[in-house]
Structure formats: structure tokens, C-alpha cells
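Derivation of every value follows stated rules applied to the coordinates shown; laboratory data play no part. Computed from a predicted model, the values in this text were never measured in an experiment. As a convention, Cβ positions derive from the backbone with ideal geometry for all residues, glycine included, and neighbour counts pool all protein chains shown.
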Amino acid sequence: MAKKRAKKSQKKSAPVKKRTIPVKQITSRYNSRLALRDLILFALLSIISFILFTVSGNTLYQDTFYLLAILFGFIALAFLIVFLVIIFARGKVKGK
């Protein structure tokens, strides 16, 4: 008959302490200035494209400037949302 092996006792491991990593703030003046600058840039590009859309006489130019005005308008809207999120996040951090 085969010999039965004796079970070895397992050592209990000591509890591991979790180390917390500090989170950097994403709401700095640089980020808000950068978002505001891009918002102004794309808003101006959208307005210029819309003006060129209304002024141009050729259908090809009208379609091109119309698409550019819509594209730049959506990008400006995205930067407006980013800017507002940064401003509200900064207000929450200062409120604490």
C-alpha cells in the first residue's frame, strides 16, 4: 500500500497594507486657459467659415464652407463643455 502524505501546515501571510497614491488635480489654470484659447479659436473659425459660406457664390465653395462651419462649431461646443467642466471642478475643489 501507498503511504499517505502528511499535510503540511500553511503559514498565514501577514495582511498587506495598501498604499494610497495621491491624485493630481486636473483643474489648473493652464488647463482652463488652454481650453478657453481653443474654444475662442474654433468659435472664430466657425464664424469665419459661416461668413465665407454666405459670401461665396460657387456651390462647391458654399458646401465646403458650410461643412467647415458645422465642423468647427461642434469642436467649439466640445471645448465649451470642457471649459465649463474645468470651471465647475475648480469650484468644487475650492469649496472644500
Consider only pairs whose beta carbons are under 9 Å apart and that are at least six residues apart or on different chains; among these, list those whose first residue lies in the range 55-80 and is closer than 18 Å to R37 by Cα and whose second residue is surrounded by 13 or more Cβ atoms within 10 Å (Cβ to Cβ) and of a type in the set (D, E, K, R). I75/D38; A76/D38; F79/D38
Tell me which residues, restricted to the range 40-96, are surrounded by fewer than 12 Cβ atoms within 10 Å (Cβ to Cβ) and outside any helix (DSSP H, G or I). G57, N58, K96
